[in-house]
1. Any residue at all in segment 46-56 that is among the basic types (Lys, Arg), farther than 12 Å from LEU78 by Cα, in contact (Cβ under 8 Å) with a residue 12 or more places away in the chain and open to solvent by 60 Å² or more (accessible area, probe 1.4 Å)?
2. Taking the stated definitions as given, is ASP38 charged (D, E, K, R) and either at positive phi or open to solvent by 90 Å² or more (accessible area, probe 1.4 Å) (or both)?
3. Go through segment 57-93 and count every residue that is modelled with pLDDT of 90 or more and surrounded by fewer than 13 Cβ atoms within 10 Å (Cβ to Cβ).
Amino acid sequence: NLAPLLFIFIIFYFLVIRPQSKKIRTHQEMLGGLKKGDHVVTGGGFLGTVVSTKDDEVVVDLGKGLEVRALKHTLSGLQNSAITPIPVKKTKE
């Protein structure tokens, strides 16, 4: 009777629990290694550059001198390349 339940638990472990644990571990390593100048993506989708870090928060420059404080755990990840501004097209009305 216990064999099917044990088999389901093993499958559940390898398909859900183990990958999620690995993802959490890599995210924590990324947060621990943040330094000034890193290009990051916030949880809200904003792209910015780390200006300074403290224990559990970072100051992120979003461009044109706009700096915001954010909690470290809300950062989604690092951006691989330098942030390039997107040109804004002016429309004539």
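The values are calculated or read from the model by the stated rules, or taken from the named source; none is laboratory data. Given the structure is predicted, the values throughout are model-derived calculations rather than measurements. Reconstructed Cβ throughout: ideal geometry from the backbone, glycine too, with neighbour counts over all protein chains shown. Heads up: the accessible areas ignore ligands, DNA and RNA and are worked out on the full protein's heavy atoms, side chains in. Shrake-Rupley method; radii C 1.70, N 1.55, O 1.52, S 1.80 Å.
1. No: zero hits.
2. The answer is no for ASP38.
3. Within segment 57-93, residues that are modelled with pLDDT of 90 or more and surrounded by fewer than 13 Cβ atoms within 10 Å (Cβ to Cβ) number 5.
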